[in-house]
Amino acid sequence: MVQEKQKITSRQDSVSILLVGNNPIELSRMLETVKKLPNRVTAEIAFDLTSIWQRLIKFKPNFILIDDNIGLHELSQTVNTLSSNPKTRNVPITVLKNSNYSGSIVSSDIADYILKQHLTPESLYIALRNSLRFQQARKYLAKAYAKRKRELLKLIR
């Protein structure tokens, strides 16, 4: 775990996290957990799409944590909007869930899910590290696909 902490710290001197939710009590718990991460952390809190846009004017997050208490429709809309926005398109999104039994959206734009009851600085750190790896793998695959596609088109011509 120490080596992993050094890896993420060397790549990211500071971590910028956008916390999205509609329950101030839950968001304050999330913020306290985020503050215990081993990196320098800056966090912004948003309650809906309007406040997300207001935060993104001056704030560029490395990670986005969304509380699933906002509701399935709002969660789906938020994930779709954030994943299509050029400023947040490549930012990993992690959803904090109340239960494994309740329904949740399934989207390729969500990098990870964490159960709130298991939310600790360590579990959050692991999720952020995995999200970073997921993001890097997506970039690599997109680049490799574009390269192979050009090579294939050259062979056909």
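The values are calculated or read from the model by the stated rules, or taken from the named source; none is laboratory data. Please read all numbers here as calculations on a predicted model, not as lab measurements. When we count neighbours, we look across all protein chains shown, and the Cβ atoms used for this are built from the backbone with ideal geometry, even at glycine.
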Pairs returned, first residue in region 133-148 that is surrounded by 10 or more Cβ atoms within 10 Å (Cβ to Cβ), second residue that is not aromatic (Phe, Trp, Tyr), beta-carbon separation under 6 angstrom, 6 or more apart or interchain, are PHE134/ALA111; GLN135/PRO92
Could you name every one of the strands (runs of 3 or more DSSP E) located completely within region 50-157 that has at least 3 residues being closer than 27 Å to SER14 by Cβ and of a type in the set (Val, Ile, Thr)?
93-97
Inspect all residues belonging to region 51-71 and state whether any of them is modelled with pLDDT of 85 or more and among the small types (Gly, Ala, Ser).
yes
Scanning for something buried (at least 16 other Cβ atoms within 10 Å of the Cβ), touching a Ser or Thr at 6+ places or on another chain (Cβ under 7 Å) and under 14 Å from SER16 (Cα atoms), does region 67-90 turn up at least one residue?
no
